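Novice: Dumping the structure here so I can ask a few things about it.
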Amino acid sequence: MGSIVIIGTQWGDEGKGRVVDVYAANASTVVRYQGGDNAGHTVKIGEQHYALHLIPSGIVRQKPSILGNGMVINPKSLLKEITDLEATGLEVRPYLFIAEEAHMIMPYHLALDGLSERAMGDGKIGTTLKGIGPAYTDKFSRTHGLRIGDLRNAAYFRARLEAIVADKNAIITKLYGSTDTFDAGAIFDEYLGYYAEIGGMIRDTAGMIAAALRRGEDVVFEGANATMLDIDHGTYPFVTCSTPTAGGAAVGAGVGPTAIDHVIGVVKAYTSRVGAGPFPTELPDATGDRIRELGHEYGTTTGRPRRCGWLDLCVLRKAARVNGLDYLAVTHLDILDEFADIPVCVGYEIDGARVDVFPANVWEVEKATPIYEVLPGWRQPIADCRDFDALPVNARRYLHRVSELVGVPVCMITVGSERSQTIVMREAVTR
Ligand code: IMP
């Protein structure tokens, strides 16, 4: 199999968790390399749903599951997630390892996420309000970031925390005019309490991954959020604060790029987006509403209704380029079962010119009019298909055409939300 990066190609919620679940079966280790509890990955086995926000989906296969150095971790959320998963009967703690270098989300990060969004009014991003942006901003400031490993030295942690909290309180009161300040001593006690619970999981995780690779084992690098939310390659500024794209796996897990054998891009058969920002193929009409209902498109992390629209191949071409995609895993194909015509966006018209790849700037994207190719629907249920050849001819044509227009073969298809409703190709569907 080789070591694989699994990454969302659109604006998130493509179904990465269940794709990771398939490939984790043959891997020794699964690693999350960026983001935090803004993500929501789901694996459904029979009637059992596993909701994952921070913990890699490999935990469902009871594999060593690493929270990599590129992540920002809210220890309170992590403990809740551990407890919730344990309540389903999964063993979690023996399989969970946390990078010393991963940054912590602190209570003031959540407060500042909300204060900044409120202050920006119409210019807000529509974040998940989980403190992700403020935590990464502090990481890169160097002066204000606190890492999981800092908990191992209580005196060092306390001294830095006191200086940082004084500065945060000044921002909260003087910049935002709020009186909801923070007490460094209370945060210190709270976080040492978390350390008592998770301290035993802190490891040199990059060393663990290197050792697994040396033994010839395969590792799955699980991307969260998605390509179009990437801080560099997404629809800036309507993006998250990390590097979900494949290159981020090397930095965020602590491996060299040569450790990655393949990159799989997860593609929802249509498009959804939650939060603000441009979305050229959005359907703000009854068809969009219908897709939302059929696809249960409500945020797993925030419960917000997702914006829905047709598949956008300009987005996928960009994802193929910036991630070096080897394969596409096409999810939610069954959601399109009832549509007679299925338009896919093959290009844009911008200022009278034809454009084939998603532009870099949001002000250009805002001018884009999608150019559609309309593919015939299959108008029959596909939920029971377990083989590519069992799919209706128009569903196969749809997959072939998408693969052809993006220039990347399809290796996997999902036809329902349950684990077994998956078609893994013995030979990738090629263009
Ligand atoms: P943040 O990551 O909370 O700062 O949010 C920044 C933007 O990314 C917002 O539009 C969020 O809705 C979006 N976002 C972040 N993570 C995800 C995800 O996992 N799925 C979908 N959207 C996400």
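Novice: Has region 146-160 got at least one residue that is in a loop (DSSP other than H, G, I, E, B), within 16 Å of the ligand (Cβ to nearest atom), under 19 Å from Ser77 (Cβ atoms) and open to solvent by less than 50 Å² (accessible area, probe 1.4 Å)?
Specialist: No, every residue in region 146-160 fails to be in a loop (DSSP other than H, G, I, E, B), within 16 Å of the ligand (Cβ to nearest atom), under 19 Å from Ser77 (Cβ atoms) and open to solvent by less than 50 Å² (accessible area, probe 1.4 Å).
Novice: Next up: Can you report the number of residues in region 305-328 which are within 28 Å of Met425 (Cα to Cα), open to solvent by 10 Å² or more (accessible area, probe 1.4 Å) and among the charged types (D, E, K, R)?
Specialist: Final tally of qualifying residues: 4.
Every residue, every condition in (1) within 16 Å of the ligand (Cβ to nearest atom); (2) open to solvent by 40 Å² or more (accessible area, probe 1.4 Å); (3) over 27 Å from Leu79 (Cα atoms), yes or no:
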{"site": "Ala211", "(1), (2), (3)": "no, no, yes"}
{"site": "Pro244", "(1), (2), (3)": "yes, no, no"}
{"site": "Gly248", "(1), (2), (3)": "yes, no, no"}
{"site": "His262", "(1), (2), (3)": "no, yes, yes"}
{"site": "Asp289", "(1), (2), (3)": "no, yes, yes"}
{"site": "Gly295", "(1), (2), (3)": "yes, no, yes"}
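Novice: To continue, here is another question. Taking the condition assigned by TED's automatic domain parsing to the domain that holds Glu282 and closer than 15 Å to Leu229 by Cβ, does Asn26 pass?
Specialist: Judged against the criteria, Asn26 is not a match.
Novice: Which numbered condition in (1) more than 15 Å from the ligand (Cβ to nearest atom); (2) within 24 Å of Arg158 (Cα to Cα); (3) open to solvent by less than 50 Å² (accessible area, probe 1.4 Å); (4) not hydrophobic (A, V, I, L, M, F, W, C) is the only one that Ser65 fails?
Specialist: Evaluating Ser65 over (1) more than 15 Å from the ligand (Cβ to nearest atom); (2) within 24 Å of Arg158 (Cα to Cα); (3) open to solvent by less than 50 Å² (accessible area, probe 1.4 Å); (4) not hydrophobic (A, V, I, L, M, F, W, C) leaves (2) as the failure.
Novice: Checking the conditions here, which among Thr281, Thr331, Thr302 is among the hydroxyl-bearing types (Ser, Thr, Tyr) and open to solvent by 10 Å² or more (accessible area, probe 1.4 Å)?
Specialist: Every option except Thr302 fails the conditions.
Novice: Now, a different point. Given the criterion without any contact (Cβ under 8 Å) to a residue 60 or more places away in the chain and of a type in the set (Gly, Ala, Ser), identify the matching residue among Gly324, Gly347, Gly265.
Specialist: Being without any contact (Cβ under 8 Å) to a residue 60 or more places away in the chain and of a type in the set (Gly, Ala, Ser) holds for just one of Gly324, Gly347, Gly265, which is Gly347.
Novice: If you take the residues of region 22-57 that are of a type in the set (D, E, K, R) and at pLDDT below 95, which of them is nearest to Gly133 (Cα to Cα)? Don't jump to the end; show me each part of the working.
Specialist: Here is the first cut: in region 22-57, the residues of a type in the set (D, E, K, R) are 32, 37, 44, 47.
This time we only want the ones that are at pLDDT below 95, so: 44, 47.
Numbers: Lys44: 30, Glu47: 35 Å.
Result: Lys44.
Novice: I'm told Ala269 meets every condition in (1) small (Gly, Ala, Ser); (2) over 23 Å from Val330 (Cα atoms); (3) more than 16 Å from the ligand (Cβ to nearest atom) except one. Can you identify the failing condition by its number?
Specialist: Failed condition: (2).
Novice: Considering only region 138-156, how many residues are in contact (Cβ under 8 Å) with a residue 24 or more places away in the chain and either more than 14 Å from Ile105 (Cα to Cα) or not assigned by TED's automatic domain parsing to the domain that holds Arg118 (or both)?
Specialist: 2
Novice: How about region 17-55: which of its residues are part of a helix (DSSP H, G or I) and open to solvent by less than 10 Å² (accessible area, probe 1.4 Å)?
Specialist: Scanning region 17-55 gives Gly17, Val19, Val20, Asp21, Ala24.
Novice: Just to be sure, is Gly200 part of a helix (DSSP H, G or I) and open to solvent by less than 60 Å² (accessible area, probe 1.4 Å)?
Specialist: The answer is no for Gly200.
Novice: Scanning region 180-189 for residues that are assigned to a helix (DSSP H, G or I) and without any contact (Cβ under 8 Å) to a residue 40 or more places away in the chain, which turns out surrounded by the most Cβ atoms within 10 Å (Cβ to Cβ)?
Specialist: Ala184
The values are calculated or read from the model by the stated rules, or taken from the named source; none is laboratory data. Remember, it's a predicted structure, so these values are computed and weren't measured experimentally. Quick reminder, even Gly has a Cβ in these numbers, built from the backbone with ideal geometry, and neighbours come from all protein chains shown. When the accessible area is computed, the model is the full protein with side chains, heavy atoms only, and any ligands, DNA or RNA have been set aside. Shrake-Rupley method; radii C 1.70, N 1.55, O 1.52, S 1.80 Å.
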